[in-house]
Amino acid sequence: MRRIMLTTVAVVVALAATACGSGSGSGDSGGTGASGGTLTLAPLVQAQPWDLADAGLGNNAQYYQPVYDSLLRLSPSAEVKPNLATKWSYNADRTVLTLTLRTGVKFTDGTALDAAAVKTNLLHTKEGTNEAAGQLKGISGVDVVNASTVAVKLSVPDPSLLANLGNVAGMIASPKAITSGALKSGPVGSGPYTLDKSATTAGSTYTFVRNPSYWNKSAFPFDKIVLKPMTDPTATLNALRSGQINGAVLTSAKNIAPAQSSGLRITKYTSGDVEGLYIWDRTGKQVKALGDVRVRQALNYAFDRSAIVKTAKGGMGQATTQIFNPAGSAFDSALDSKYTYDPAKAKKLLAQAGYPNGFSVTMPDFSAVFPDQQAAMTQQLADIGVKVKLDKVPTDQVLGKLLAGKYAMSYMVLASFRPWDTISTEVTKGSLWNPLHTADPEVESLAAKAQQATGAKQDALFKEINTYLVDQAWNAPWDSVQNAYATSKDITFTPQTYAAVPPIYNFRHAG
């Protein structure tokens, strides 16, 4: 199943959902040097294929982190740090990235990690169709300089490449397993853990045990990692209370108080995800009305964002009209006053566009995971005459249908990382989360300029793109999501900037 960049993801079966929050944790983030024991977490999505060409981001990353090591590592504040690559540098025009690799590392099948292995991986992942692949599309080639040095060539500069090499896109599998097709039956990496197939049941429980030859054991204090995908908010709360799991996102704000009263530790942080109504059909191919900017603006005026955050979200979010992460340079707080709650104005705009009685639209049903958000959305749309028919699609089919362009608009949670990530995954013609491939000449021109720019000039272009998207009502976001992550009292973690859920290497035993 593909993952929504969403991150609470990007989520559907979990909505993200989806993808890498702004790290302002209110819970403890320290922990002790203790090691051993088992860490059991409940991701919001089912595991995807072990072949990294098919890998998504967000919640999906927790499945890959135990078994695959990445070229670089991101600190809790999203700074790029050494990992499998110990040094890196760009050429003058930022079209060649040279990486120096750590020596002595081996995959669990005995194959050595070297420049040839990195080349095989980057070119292989790049040819996939999911989110990790999308982050490598700018790579035009990879040269093996010597056994421990690789040169990654880009067709144009990629402002997010270094950071993305510290996430799923930069993870490295055994090249032998890639060429032989062994990844179809299980992961073969050089990560801190290996998959224990005897204690794993696909779809319900994934058990990882220590890789005895891992080069950085001290960074991972647990002897065993167990992942149990769960999407039902009540079942997740019950599993936390009973000790069946040690950590999970609470997708319903109503469960925060019961979790706290049960002695669970609650950490709140900005996930970076943006939720609301995403308008996929901006040219009116499926629903003619959506091709008119006045109709899309009417949809924005229909939503009482502050009320949705307060009631449907229990205060867990920041009302916004923007798809860009508040921690990034594209964000402009002034834009959040662009569309005030004004149903009368929404109706007037619809009438001006030729839809005085509104229009009808079919959207996928997300009530199983986000009932309060969906109820608020459908009611406030109904208040301006937009009639929503909910399509009860099996959760394992929703993402595929969305990405195939089967819906004109829908509720969605998408991950918003750095500005260029958001642009390249949601905004340009070829973006994964631009499923109907809307091509706006103004957007394409600004994006091309931003990709080549640096520093203050690039930031100004990011803001210009953001302003244009808000003015043209490309989407109707409600809020930048705040996550509540519950852990048992003996477990703590550090939230990570631009991450919907904490990486496994940020978990520790609590003091």
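Coordinate-derived values only; no laboratory data. These numbers were taken from a predicted model, which means no experiment stands behind them. Note: ideal-geometry Cβ built from the backbone for every residue, glycine included; neighbour counts use all protein chains shown.
Values computed for the structure shown
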read-out: Boolean, residue 345 is surrounded by fewer than 22 Cβ atoms within 10 Å (Cβ to Cβ), of a type in the set (D, E, K, R) and farther than 12 Å from residue 299 by Cβ; value: no
read-out: Residues being closer than 13 Å to residue 252 by Cα and surrounded by fewer than 21 Cβ atoms within 10 Å (Cβ to Cβ) - total across the stretch 354-373; value: 4
read-out: Scope the stretch 402-455; condition among the hydroxyl-bearing types (Ser, Thr, Tyr) and surrounded by 15 or more Cβ atoms within 10 Å (Cβ to Cβ); matching residues; value: 407, 410, 411, 416, 422, 424, 425, 428, 431, 438
read-out: Number of positions in the stretch 45-70 that are within 16 Å of residue 160 (Cβ to Cβ) and part of a strand (DSSP E or B); value: 1
read-out: Residue, surrounded by the most Cβ atoms within 10 Å (Cβ to Cβ), within the stretch 202-213, restricted to residues that are polar (S, T, N, Q), within 25 Å of the chain's Cα centre (by Cα) and farther than 20 Å from residue 490 by Cβ; value: 205
read-out: Of the criteria (1) crowded, with 19+ Cβ neighbours inside 10 Å; (2) in contact with a Pro (Cβ under 8 Å, 6 or more places away or on another chain), which one residue 216 fails; value: (1)
read-out: Residue list for the stretch 486-505, filter: of a type outside the set (Ser, Thr, Tyr), buried (at least 22 other Cβ atoms within 10 Å of the Cβ) and outside any strand (DSSP E or B); value: 495, 496, 499, 500, 501, 502, 504
read-out: Cβ pairs under 6 Å, 6+ apart, first in the stretch 181-201 and within 15 Å of residue 121 (Cα to Cα), second surrounded by fewer than 17 Cβ atoms within 10 Å (Cβ to Cβ); value: 188/109
read-out: Failed item in (1) more than 22 Å from the chain's Cα centre (by Cα); (2) more than 19 Å from residue 493 (Cβ to Cβ), with residue 187 passing the rest; value: (1)
read-out: Residue under evaluation residue 73, criteria (1) assigned to a strand (DSSP E or B); (2) out of contact with any Gly (no Cβ under 6 Å at 6 or more places or on another chain); (3) among the basic types (Lys, Arg), criterion not met; value: (2)
read-out: Failed item, numbered, when residue 86 is tested on (1) surrounded by fewer than 23 Cβ atoms within 10 Å (Cβ to Cβ); (2) closer than 30 Å to residue 243 by Cα; value: (2)
read-out: Filtered residue count, the stretch 121-140, keeping only those that are acidic (Asp, Glu) and assigned to a helix (DSSP H, G or I); value: 1
